[in-house]
Every structure is written in C-alpha cells, then in structure tokens.
1. Please state which of the following conditions ARG21 fails to meet, knowing it meets all the rest: (1) over 23 Å from PHE114 (Cα atoms); (2) basic (Lys, Arg); (3) at pLDDT below 95; (4) open to solvent by 60 Å² or more (accessible area, probe 1.4 Å).
2. For PRO44, are the conditions met, namely being of a type outside the set (Phe, Trp, Tyr), surrounded by 13 or more Cβ atoms within 10 Å (Cβ to Cβ) and in a loop (DSSP other than H, G, I, E, B)?
3. Find the residue count for segment 116-160, including only residues that are open to solvent by 20 Å² or more (accessible area, probe 1.4 Å) and β-branched (Val, Ile, Thr).
4. Take the conditions closer than 17 Å to VAL84 by Cα and either among the hydroxyl-bearing types (Ser, Thr, Tyr) or at pLDDT 90 or above (or both) and apply them to ILE127. Does it pass?
5. Look through segment 64-94, keep the residues that are in contact with a Ser or Thr (Cβ under 9 Å, 6 or more places away or on another chain) and either modelled with pLDDT of 95 or more or farther than 30 Å from GLY51 by Cβ (or both), and return whichever of them is surrounded by the fewest Cβ atoms within 10 Å (Cβ to Cβ).
6. So, in segment 96-106, of the ones that are open to solvent by less than 40 Å² (accessible area, probe 1.4 Å) and touching a Ser or Thr at 6+ places or on another chain (Cβ under 9 Å), which residue ends up farthest from ARG5 (Cα to Cα)?
Amino acid sequence: MDSSRIIIKNMVCPRCIATVRDIFMKCGVVPVDVRLGVVSLSSPLTEERQGLIRRRLEDAGFEMLDDSRMKCVEQIRVGVIEYVRSLETQEKVRLSDYLQDKCHREYSALSKLFTEVRGMTVERFCILQKVELAKELLFYGELTVSEIADRLHYSSTAHLSSQFKDVTGMSPSQFRKMRDGRLTSIDQI
C-alpha cells in the first residue's frame, strides 16, 4: 500500500481537522488519517485532484505545502502548539526533545531553520503560544493567575507575569480587567 503525507498549513484545532477532512471527502478522497498539519492518504493524488483540493483548502484559509523547508517549519509550528496545549506532554518531555521526535531531525537544525524562515526563535514562538493560552484562560475567568502559571508549567506567577507583560504590554491582572480583552487566532501568531 503506497502512502502519501500532505502537509497543510494553518491547521490549529479540532475544527480545522474536521474542515480539512470534509474538503478531502467532498473531493472524493478518503484520508487514512487527518491530524494537525498532516493528511495521510493511502495513495498519491492525481494532479487534477491535488489542484482541486489545493484550491478548496485555500478558500478555507489553509495551504498545501510543497517545499520541504516550509513543510518542516510547519511541523515545528504545529509541534509547538501541540506541546503548549498538552499538559501531559510538557510534564514528560522537554520541547526540544518533543520536536526532535516529531520532525526526525536534530533540534539545532530545526531551531536554525525555524528562525531563518519565521524570523523568531522556537523558544520565542513557544512563549507567544503560552501567553496566548494564558490570555484564553484569563478571558474565561475560571482560574487564578497562580493556577494558570501552574497549569502552563511556569516556575512562578512572577515568571508568567513577566513574559505576559513583555508580549502584551500589560499584566495578567490588567488583561483580565479589560472588558474587550482580545484573543489572537493561533494561526496568526
């Protein structure tokens, strides 16, 4: 059985997975598996079907990646998002080890490529993702700042507050008090 992996940019949540799966199905292609950033097929697409799927993905805000460097950067980006949003993973493994396993390359090479293409380090991107998750948790108001710091594996509330202020220009408490606290779409970070 010939398998094909297609890397899709801008997949960030379960709804994205459902949307991408639906696009493939409506184009007459049944994916073997659909995960954040990756669609696995049992056989390669014809050029015609690939073009149709590419257009429909773009209409929905996604992008089918062809360039191997861009595919790798997208795997890193999705890996960081998965890592930040998985408390269990963070408890078990360091981000660098997680990305090495996910991308099958040395972390130093991944880090260099990501910085070159995205203009920021993997670590900075991870901080931005953690702050965005902290903003979501603050926005919903169910956890204290201290509980959020614990949940996101910060060494202290002060550490979270420092990074939060560096990214947003305000403290977590100030953000919570705002009536129109703005959340950023994960694919826009």
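1. Every listed condition holds for ARG21 apart from (3).
2. Here the answer is no, as PRO44 does not meet what is asked.
3. Here the count works out to 6.
4. Answer is yes for this residue.
5. Looking at residues that are in contact with a Ser or Thr (Cβ under 9 Å, 6 or more places away or on another chain) and either modelled with pLDDT of 95 or more or farther than 30 Å from GLY51 by Cβ (or both), I get TYR83.
6. The residue in question is SER96.
The values are calculated or read from the model by the stated rules, or taken from the named source; none is laboratory data. Remember, predicted model here, so these are calculated numbers, not experimental data. As a convention, Cβ positions derive from the backbone with ideal geometry for all residues, glycine included, and neighbour counts pool all protein chains shown. Note: areas computed on protein heavy atoms with side chains; ligands, DNA, RNA excluded. Shrake-Rupley method; radii C 1.70, N 1.55, O 1.52, S 1.80 Å.
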